[in-house]
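Trainee: Sharing a structure, written as C-alpha cells. Questions coming.
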Amino acid sequence: MNKFIAAAALALIAGTASAAPGADSNFYIGADIGSSKFKVDGESGSKTGFGATLGYTLNPNVAFELSARRLGTWNKDGASAKANALQASVLGIAPITNEFSLYGRLGLTRNSVKATEGGYSGSVHKTKALFGLGASYQLAKNVSLRGEYMNLGSNKLGSGADTVTVKMHQFNVGVNYAF
C-alpha cells in the first residue's frame, strides 16, 4: 500500500508542477455518509458509516483520492466491534454533460476491525483491492454532490475452525468542495 500511496503522491506533485501559473487549484475535500453492509457466514447487517476525502483532479478524466472512513460500530450481547478503512484510489471519470459525470474507482483499502467479547479482545488489519462506481453532479463551480457504491473486499478473521469471512460494501452520498 505504501508504494501505491507514494505513486499517487508523485502523480499529484507532477500534476501540480505542470499546471500553469495562476490556474485554479485542482484539489478538493469531501465528506460523505452512507450505509456500510457486512456479510458474515450468510448473515448480513448494515451500519451507518461516514468518511472524509482529500482529492486531486489531474484532468477531466482522472482524479486521485485519499480517504479515511468509519464503517460502523456494533454492541450486542456483551460483544462489541468497530470497523474503519484507510483508502487510496484513482478515479476514471466520464463527463456526460458539463454538470454530470460517471466514474469508476480502483484502489487499495486498509480495513481494520477490532472486536471485544468478555475478556477477549482482538483486531485484524487487511490490505485489499477496492473498486467502485459512482456519479457526480456539479452544483456550483466549487461544490459537487456524488453517490457511489464501493466493494471493500473480503476479510478473514480468526484462525482454524474459528475463521469467519467478512465481506464489506458501502453505499455513500457526499459533497465535495474544490479549493
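Trainee: More than 19 Å from residue 92 (Cβ to Cβ), more than 15 Å from the chain's Cα centre (by Cα), open to solvent by less than 30 Å² (accessible area, probe 1.4 Å) and in contact (Cβ under 8 Å) with a residue 24 or more places away in the chain: which single residue out of 124, 143 fits that description?
Mentor: Residue meeting the stated conditions: 124.
Trainee: Continuing with the same structure: Can you find a residue in the stretch 5-26 that is farther than 17 Å from residue 153 by Cβ, modelled with pLDDT of 80 or more and either polar (S, T, N, Q) or not in a loop (DSSP other than H, G, I, E, B) (or both)? Before you say what the answer is, go through the steps one by one.
Mentor: Quick first cut of the stretch 5-26, residues farther than 17 Å from residue 153 by Cβ only: 5-26.
Subset that is modelled with pLDDT of 80 or more: 26.
Among the residues that remain, those that are also either polar (S, T, N, Q) or not in a loop (DSSP other than H, G, I, E, B) (or both) are: 26.
Yes: one or more hits.
Trainee: Criterion first (at pLDDT 95 or above and among the acidic types (Asp, Glu)) does residue 43 satisfy it?
Mentor: No, not satisfied.
Trainee: When the stretch 104-118 is examined, which residues are found to be open to solvent by less than 80 Å² (accessible area, probe 1.4 Å) and assigned to a strand (DSSP E or B)? Explain how you work it out, then say what you get.
Mentor: Of the stretch 104-118, the ones open to solvent by less than 80 Å² (accessible area, probe 1.4 Å) are 104-105, 107-109, 111-113, 115-116, 118.
Residues satisfying the conditions are 104, 105, 107, 108, 109, 111, 112, 113, 115, 116.
Trainee: With the requirement that a residue be touching a helix residue (DSSP H, G or I) at 6+ places or on another chain (Cβ under 8 Å) and open to solvent by 10 Å² or more (accessible area, probe 1.4 Å), what does the stretch 78-98 give you?
Mentor: 90
Trainee: Look through 36, 44, 101 and report the one residue that is closer than 28 Å to residue 157 by Cβ and open to solvent by less than 50 Å² (accessible area, probe 1.4 Å).
Mentor: After ruling out the rest, the residue left standing is 36.
Trainee: Looking only at the stretch 64-77, decide whether some residue is more than 25 Å from residue 173 (Cα to Cα), of a type in the set (Asp, Glu) and either at pLDDT 75 or above or open to solvent by 70 Å² or more (accessible area, probe 1.4 Å) (or both).
Mentor: Yes, some residue in the stretch 64-77 is more than 25 Å from residue 173 (Cα to Cα), of a type in the set (Asp, Glu) and either at pLDDT 75 or above or open to solvent by 70 Å² or more (accessible area, probe 1.4 Å) (or both).
Trainee: What is the residue count in the stretch 147-169 for residues that are crowded, with 19+ Cβ neighbours inside 10 Å and either modelled with pLDDT of 95 or more or aromatic (Phe, Trp, Tyr) (or both)?
Mentor: 2
The values are calculated or read from the model by the stated rules, or taken from the named source; none is laboratory data. For clarity, every value in this text was computed on a predicted model and none was experimentally measured. All Cβ positions, even for glycine, are placed from backbone atoms using ideal geometry, and neighbour counts span all protein chains on display. Remember, those area values only see protein heavy atoms, side chains included, never the ligands or the DNA or RNA. Shrake-Rupley method; radii C 1.70, N 1.55, O 1.52, S 1.80 Å.
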